[in-house]
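Peer 1: Take this structure, written in structure tokens, and hold onto it; I'll ask about it next.
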There are 2 protein chains.
Amino acid sequence: MRITVLAGGVGGARFVRGVRELDAEVSVVVNTGDDLWLTGLRVCPDLDSIMYALAGVSDTERGWGRAGETERISAELAEWGLGWPWFTLGDLDLATHIARTSLLREGLRLTEVTERLSARWPLGVRLLPATDDEVETHVVTADGQDLHFEEWWVRTRAAAAARRFVQRGVERAHATPEALAAIADADVVLLAPSNPVVSIGTILGLPGIRSALRDTEAPVVGVSPIIGGAVVRGMADACLATIGVGTDAAAVARHYGARRDGGLLDGWLVDDADAASVAGLRGSGFAADATGLWMTDAAESARIARAALALVSR
Amino acid sequence: MRITVLAGGVGGARFVRGVRELDAEVSVVVNTGDDLWLTGLRVCPDLDSIMYALAGVSDTERGWGRAGETERISAELAEWGLGWPWFTLGDLDLATHIARTSLLREGLRLTEVTERLSARWPLGVRLLPATDDEVETHVVTADGQDLHFEEWWVRTRAAAAARRFVQRGVERAHATPEALAAIADADVVLLAPSNPVVSIGTILGLPGIRSALRDTEAPVVGVSPIIGGAVVRGMADACLATIGVGTDAAAVARHYGARRDGGLLDGWLVDDADAASVAGLRGSGFAADATGLWMTDAAESARIARAALALVSR
């Protein structure tokens with residue numbers, strides 16, 4: 001069986017750790033909207049979060065970056081007033097960015113670079129950046145600032161209300177042939193419980209992705225990132241509010257929409273805490289069910305992935 | 001008084017540590033022929049050797065790089081098969097290269113980048129790359145290989161005989177206005193006891209430098225890098241042999257030549273071990289003298305610099 005997952009960073013990583021436990025060939029189309037140039041290096045937060053998590057080298061205590069990390073280089077750069085003091089890159093993590101940037105400068109596509117970097121470990125899945133083009137998510141705040149998503153998210157901790165999100169450069173961008181093929185050739189497509197706006201939404205905003213999801217014969221099942229009316233992690237509620245969607249599992253499902261109506265979903269999985277909403281989604285044009293969605297370990301994530309598959313194999 | 005020094009890396013650093021003890025405004029025109037791109041980062045070995053030494057952060061035991069160095073990033077890069085395993089960059093050193101590359105990518109000239117990096121410490125001298133252009137020294141070996149100088153020097157330890165040295169890109173390059181002005185405006189120009197071929201010789205090979213040295217009103221004094229018929233450090237003898245010059249203090253002086261004959265020198269300082277050669281240089285058109293040239297500490301280097309100045313102030 002071929003499973004293709006659309007995913008953002010940390011939540012996507014936790015979910016994919018489970019999906020790879022299944023007896024399937026797994027491709028993960030990863031959000032690249034958070035990517036940025038920092039002191040001349042190309043940083044891809046979501047690709048790295050997933051790669052590190054699957055490789056077993058991520059810092060599970062801190063929730064991001066590499067385990068056993070040091071920050072000697074960032075301290076040096078700060079002495080020169082370089083870098084962003086609120087976006088400290090660890091030394092091991094910087095090695096990834098140096099390697100990536102070096103290979104990009106040699107002319108490789110981000111897809112090829114990601115394959116090369118991933119080959120170091122037996123990740124068990126294929127990581128596919130959604131696009132090889134530089135499409136960075138910017139946030140226009142209510143008070144008129146234009147910030148890179150990471151600056152808004154990490155430095156201001158989404159304090160300034162976002163008026164809208166902009167995918168800078170999207171008009172010249174394309175989804176990669178590999179990502180489109182992974183969607184076209186899948187037996188099932190899963191939407192990870194990632195941020196519906198700036199992770200999944202950013203992937204969906206890339207030319208080619210929505211029509212690939214419309215055209216694929218694979219059913220598409222989403223897993224809710226909202227549990228009991230609250231985000232599991234991050235500040236997805238601030239993003240949802242910006243696009244006028246409530247922090248509510250059913251509201252996110254309606255935002256994605258049913259495939260038969262030009263939307264995305266053939267199935268939608270919510271947490272037991274939101275089981276009541278399943279009845280309310282009846283007649284929406286997609287199957288819905290409830291199960292425990294707390295991804296406490298890989299086994300639980302695998303159970304959730306199986307429940308998502310069960311929703312469309314009935 | 002304004003003193004301008006032409007210098008290579010480690011020997012240059014030791015000499016300049018002494019020159020800055022003098023009551024003078026010191027500019028150092030630094031060899032950039034060893035510079036290289038390594039995993040997408042611009043590495044400038046001579047500029048960094050001098051900067052670290054003057055900043056007091058160099059590894060004096062090992063003789064190169066930063067003190068307290070670690071090599072976590074190089075180990076990571078090696079996992080991906082990147083970098084040169086025989087040219088290991090330390091983490092603190094890599095921070096310099098990241099900072100430099102980032103500023104170069106922003107469009108700053110190497111001269112401006114060097115000023116920005118140097119400003120972190122009170123170096124006490126102005127470091128001036130001889131050129132802002134990328135002119136890398138290559139070695140064509142007797143067996144027909146074409147190697148970057150650092151590869152020949154560090155990896156093969158100059159094992160393969162060099163047939164000739166090539167300054168790649170020199171035909172499109174220029175000495176910087178700052179370096180030329182430092183020579184034109186100097187009260188004295190000193191040639192550090194650096195490699196006469198691939199350090200001083202490389203600076204001299206840049207369009208503009210020789211005529212600036214010919215035209216300046218400042219006397220030019222060289223300090224011999226050869227003591228008692230042997231190189232003080234490095235493998236300068238292999239380089240000298242390539243251009244047909246003996247490993248001999250007087251031979252190097254004749255190679256530089258007297259200014260009155262279209263060469264460089266108004267003065268030449270040799271070690272006491274080579275005092276006999278001073279008489280032999282009489283009538284060569286430049287002043288010559290002998291003193292102890294072992295640069296054991298900054299005070300000794302300062303004494304040597306003073307002896308060089310005395311040679312042309314008589």
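The values are calculated or read from the model by the stated rules, or taken from the named source; none is laboratory data. This structure is a prediction, so every number in the text was calculated from the model and none was measured. Quick reminder, even Gly has a Cβ in these numbers, built from the backbone with ideal geometry, and neighbours come from all protein chains shown. The protein model used for the area step is the full one, side chains on, heavy atoms only, and it has no ligands, DNA or RNA in it. Shrake-Rupley method; radii C 1.70, N 1.55, O 1.52, S 1.80 Å.
Peer 1: For the stretch A:86-108, give me each residue that is closer than 25 Å to A:Leu147 by Cβ and within 7 Å of chain B (Cβ to nearest Cβ).
Peer 2: A:Leu94, A:Thr101
Peer 1: Output the number of residues of the stretch A:9-38 satisfying the condition of being open to solvent by less than 20 Å² (accessible area, probe 1.4 Å) and in a helix (DSSP H, G or I).
Peer 2: 7
Peer 1: In addition: Does A:Ser224 satisfy the condition of being under 30 Å from A:Ala302 (Cα atoms), surrounded by fewer than 20 Cβ atoms within 10 Å (Cβ to Cβ) and polar (S, T, N, Q)?
Peer 2: In short, no.
Peer 1: Take the conditions over 24 Å from B:Val19 (Cβ atoms) and touching a Pro at 6+ places or on another chain (Cβ under 9 Å) and apply them to B:Val245. Does it pass?
Peer 2: yes
Condition check ((1) open to solvent by 10 Å² or more (accessible area, probe 1.4 Å); (2) on the phi > 0 side of the Ramachandran plot; (3) out of contact with any helix residue (DSSP H, G or I) (no Cβ under 8 Å at 6 or more places or on another chain); (4) of a type outside the set (Gly, Ala, Ser)) across all residues:
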residue	(1), (2), (3), (4)
B:Val231	yes, no, no, yes
B:Ala241	yes, no, yes, no
B:Ala258	no, no, yes, no
B:Ser284	yes, no, no, no
B:Leu309	yes, no, yes, yes
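Peer 1: If you don't mind, another one. Give me a count of the residues in the stretch B:53-85 that are within 14 Å of another protein chain (Cβ to nearest Cβ), under 16 Å from A:Arg72 (Cβ atoms) and charged (D, E, K, R).
Peer 2: Here the count works out to 5.
Peer 1: Next question, about the same structure. How many residues are away from every other protein chain (no Cβ under 14 Å), part of a helix (DSSP H, G or I) and of a type outside the set (D, E, K, R) when one looks only at the stretch B:41-52?
Peer 2: Result for the stretch B:41-52: 4.
Peer 1: While we're on this one: Can you say whether A:Leu94 is under 30 Å from A:Gly205 (Cα atoms) and part of a strand (DSSP E or B), as far as the supplied structure shows?
Peer 2: Against the criterion (under 30 Å from A:Gly205 (Cα atoms) and part of a strand (DSSP E or B)), A:Leu94 does not qualify.
Peer 1: Among the candidates A:Leu6, A:Leu41, A:Leu54, A:Leu103, single out the residue that is closer than 28 Å to B:Ala67 by Cα and either of a type in the set (S, T, N, Q) or crowded, with 21+ Cβ neighbours inside 10 Å (or both).
Peer 2: A:Leu41
Peer 1: Just checking, which of B:Asp93, B:Asp59, B:Asp23 is out of contact with any Leu (no Cβ under 9 Å at 6 or more places or on another chain) and more than 30 Å from B:Ala308 (Cα to Cα)?
Peer 2: Just a single option satisfies the conditions, and that option is B:Asp93.
Peer 1: Tell me the helices (runs of 4 or more DSSP H) entirely within the stretch A:227-314 that contain at least 1 residues that are in contact (Cβ under 8 Å) with a residue 60 or more places away in the chain and not aromatic (Phe, Trp, Tyr).
Peer 2: Per the criteria, A:236-242, A:298-313.
Peer 1: Here's another thing I want to ask about it. Just wondering, is there one or more residues in the stretch A:109-116 that are open to solvent by less than 20 Å² (accessible area, probe 1.4 Å), within 14 Å of another protein chain (Cβ to nearest Cβ) and not in a strand (DSSP E or B)?
Peer 2: For the stretch A:109-116, residues open to solvent by less than 20 Å² (accessible area, probe 1.4 Å), within 14 Å of another protein chain (Cβ to nearest Cβ) and not in a strand (DSSP E or B): present.
Peer 1: Within the stretch A:57-94, take every residue that is among the acidic types (Asp, Glu) and open to solvent by 30 Å² or more (accessible area, probe 1.4 Å) and give me the one that is modelled with the lowest pLDDT.
Peer 2: A:Glu61
Peer 1: Also: Read through the list (1) assigned to a strand (DSSP E or B); (2) surrounded by fewer than 17 Cβ atoms within 10 Å (Cβ to Cβ), then give the number of the only condition that B:Asp143 fails.
Peer 2: (1)
Peer 1: Out of B:Arg42, B:Arg66, B:Arg62, report the one residue that is among the basic types (Lys, Arg) and touching a residue at least 60 places away in the same chain (Cβ under 8 Å).
Peer 2: Every option except B:Arg42 fails the conditions.
Peer 1: On the given criteria, is A:Val139 over 30 Å from B:Leu82 (Cα atoms), at pLDDT 95 or above and more than 14 Å from chain B (Cβ to nearest Cβ)?
Peer 2: It is true that A:Val139 is over 30 Å from B:Leu82 (Cα atoms), at pLDDT 95 or above and more than 14 Å from chain B (Cβ to nearest Cβ).
Peer 1: Which residues, taken from the stretch B:1-38, are more than 10 Å from the chain's Cα centre (by Cα) and of a type in the set (Val, Ile, Thr)?
Peer 2: Selection gives B:Ile3, B:Thr4, B:Val16, B:Val19, B:Val26.
Peer 1: Search the stretch A:260-277 for residues being in contact with a helix residue (DSSP H, G or I) (Cβ under 7 Å, 6 or more places away or on another chain) and of a type outside the set (Asp, Glu), and hand back the single one that is farthest from A:Leu204 (Cα to Cα).
Peer 2: So, considering only residues that are in contact with a helix residue (DSSP H, G or I) (Cβ under 7 Å, 6 or more places away or on another chain) and of a type outside the set (Asp, Glu), the one farthest from A:Leu204 (Cα to Cα) is A:Ser277.
Peer 1: Scan (1) more than 26 Å from B:Arg306 (Cβ to Cβ); (2) surrounded by fewer than 24 Cβ atoms within 10 Å (Cβ to Cβ); (3) out of contact with any Lys or Arg (no Cβ under 6 Å at 6 or more places or on another chain) for the single condition B:Asp48 breaks and write down its number.
Peer 2: (2)
Peer 1: Follow-up. I'd like the full set of residues that are more than 17 Å from A:Asp34 (Cα to Cα) and of a type in the set (D, E, K, R), limited to the stretch A:155-170.
Peer 2: A:Arg163
Peer 1: Does A:Glu151 satisfy the criteria of being open to solvent by 60 Å² or more (accessible area, probe 1.4 Å) and more than 17 Å from A:Leu206 (Cβ to Cβ)?
Peer 2: Answer is no for this residue.
Peer 1: Please go through the stretch B:157-172 and give me each residue that is touching a Ser or Thr at 6+ places or on another chain (Cβ under 8 Å), surrounded by fewer than 20 Cβ atoms within 10 Å (Cβ to Cβ) and not basic (Lys, Arg), ordered by number.
Peer 2: B:Ala160, B:Ala161, B:Val166, B:Gln167 - these are the residues of the stretch B:157-172 that are touching a Ser or Thr at 6+ places or on another chain (Cβ under 8 Å), surrounded by fewer than 20 Cβ atoms within 10 Å (Cβ to Cβ) and not basic (Lys, Arg).
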